[in-house]
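Written out below as structure tokens is the structure these notes cover.
The values are calculated or read from the model by the stated rules, or taken from the named source; none is laboratory data. Quick caveat, the model's predicted, so the values are computed rather than measured. Here the Cβ positions follow ideal geometry from the backbone for every residue, glycine too, while neighbour counts run over all protein chains shown.
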Amino acid sequence: MHHAGAQPALPPWIEEAAAGEPFTLVAVAPHPDDAELGAGATLALHARMGWRVAILDLSRGELATNGTPARRQEEARRAAEILGLAGRYNLALPDGGLDALPEQVAALAAAFRALRPRLVLAPYGTDRHPDHEGAARLVHRAAFAAGLARFPLPLPPHPVERVASYFIHDTVPPSFVVDVSATYALKQAALDAYASQFGPGGTPTLLNRPAFREVLAARDRYFGSLIGATYGEGFVLRNRPPRLASLADLLPDASPAAAARPLGGGPS
């Protein structure tokens with residue numbers, strides 16, 4: 001997977017991040033705006049809960065039809081501010097060439113070791129954009145490599161506890177849905193920050209058609225309907241099911257004592 005001596009060229013923020021506090025949740029995005037499309041409201045929700053949340057963009061989006069890397073960087077900074085994130089980083093990997101290549105695996109594994117997330121969100125592995133599919137493969141390998149003591153990187157190993165996939169374009173039935181009704185307006189505002197991609201003007205693309213945002217909101221309303229919420233964001237677990245301490249975890253509004261009472265009421 002990675003050959004000894006083929007050390008990746010790491011961005012300068014790696015050392016600074018490694019010296020700081022670890023993150024609970026890191027969303028990996030192939031391009032700036034991808035994490036917001038699939039999980040923006042979930043990121044905002046958990047930032048509000050007090051988690052240290054970050055987005056790690058893999059590329060600068062330099063092949064985009066509209067906008068420039070510099071403008072997209074500023075838009076990404078503004079979107080992160082709207083969502084309340086504790087950090088946003090960019091690995092500057094090649095747009096249009098994302099995949100589980102040795103140098104890219106090593107660079108992303110180093111980023112995971114620096115950021116030390118417990119939970120990583122990654123693009124779902126089937127998508128119309130080849131970079132989204134390549135990023136899914138890349139995250140899978142890098143999250144594994146980050147925990148290997150003998151993987152040749154300068155930072156101490158860090159095992160990522162779990163990887164969940166978010167949807168950008170294509171979807172399948174989700175493993176779970178997060179109720180994001182309370183923070184959905186923040187997702188919309190964060191997407192508004194990407195005027196070069198979703199705003200009017202510029203060369204017509206799939207993203208800047210008005211129907212694109214309407215379809216996205218309809219998808220998130222559908223996911224919300226699956227759990228009785230106004231809006232939801234769906235995710236897929238790649239392998240192991242989530243651990244429940246008890247079946248009370250399926251009744252999130254109930255205390256252990258309340259969960260023990262019959263669902264239909266009855267004597268207390």
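So here's what we get for this one:
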read-out: Lone unmet requirement of (1) surrounded by fewer than 23 Cβ atoms within 10 Å (Cβ to Cβ); (2) among the small types (Gly, Ala, Ser); (3) in contact (Cβ under 8 Å) with a residue 60 or more places away in the chain for SER59; value: (1)
read-out: Residue within the stretch 76-93 that is under 23 Å from PRO157 (Cβ atoms), out of contact with any strand residue (DSSP E or B) (no Cβ under 8 Å at 6 or more places or on another chain) and modelled with pLDDT of 95 or more present; value: no
read-out: Residues of the stretch 118-153 satisfying the condition of being touching a residue at least 40 places away in the same chain (Cβ under 8 Å) and either more than 18 Å from LEU91 (Cα to Cα) or polar (S, T, N, Q) (or both); value: ARG118, LEU119, TYR124, GLY125, THR126, ASP127, ARG128, HIS129, PHE151, PRO152
read-out: Members of the stretch 90-121 that are buried (at least 18 other Cβ atoms within 10 Å of the Cβ) and either assigned to a strand (DSSP E or B) or in contact with an Asp or Glu (Cβ under 7 Å, 6 or more places away or on another chain) (or both); value: ASN90, LEU91, LEU93, LEU98, VAL120, LEU121
read-out: Selected residue (criterion: farthest from THR68 (Cα to Cα)) from residues of the stretch 152-201 that are part of a helix (DSSP H, G or I) and of a type in the set (Phe, Trp, Tyr); value: TYR184
read-out: Inter-residue pairs, beta-carbon under 6 Å, first among the basic types (Lys, Arg) and in the stretch 159-170, second surrounded by fewer than 24 Cβ atoms within 10 Å (Cβ to Cβ), 6+ apart; value: ARG162/LEU119
read-out: Condition met for ALA47 (surrounded by 23 or more Cβ atoms within 10 Å (Cβ to Cβ) and part of a helix (DSSP H, G or I)); value: no
read-out: Test for THR24: is it of a type in the set (Ser, Thr, Tyr), in contact with a Lys or Arg (Cβ under 8 Å, 6 or more places away or on another chain) and at pLDDT 95 or above; value: yes
read-out: Residues of the stretch 32-47 classified as touching a residue at least 40 places away in the same chain (Cβ under 8 Å), touching a strand residue (DSSP E or B) at 6+ places or on another chain (Cβ under 8 Å) and farther than 16 Å from ARG219 by Cβ, total; value: 3
read-out: Candidate set from the stretch 159-177 (those that are of a type in the set (A, V, I, L, M) and touching a Gly at 6+ places or on another chain (Cβ under 6 Å)); member that is surrounded by the most Cβ atoms within 10 Å (Cβ to Cβ); value: ILE168
read-out: The stretch 8-30 - residue that is surrounded by 17 or more Cβ atoms within 10 Å (Cβ to Cβ) and assigned to a loop (DSSP other than H, G, I, E, B) and, of those, farthest from the chain's Cα centre (by Cα); value: PRO8
read-out: Subset of the stretch 217-261 [modelled with pLDDT of 80 or more, over 22 Å from GLU161 (Cα atoms) and of a type in the set (D, E, K, R)]; value: ARG219, ASP220, ARG221
read-out: Residues (crowded, with 18+ Cβ neighbours inside 10 Å and either free of Cβ contacts under 8 Å to residues at least 12 places away in the same chain or part of a helix (DSSP H, G or I) (or both)) located in the stretch 76-89; value: ALA76, ALA79, ALA80, ILE82, LEU83
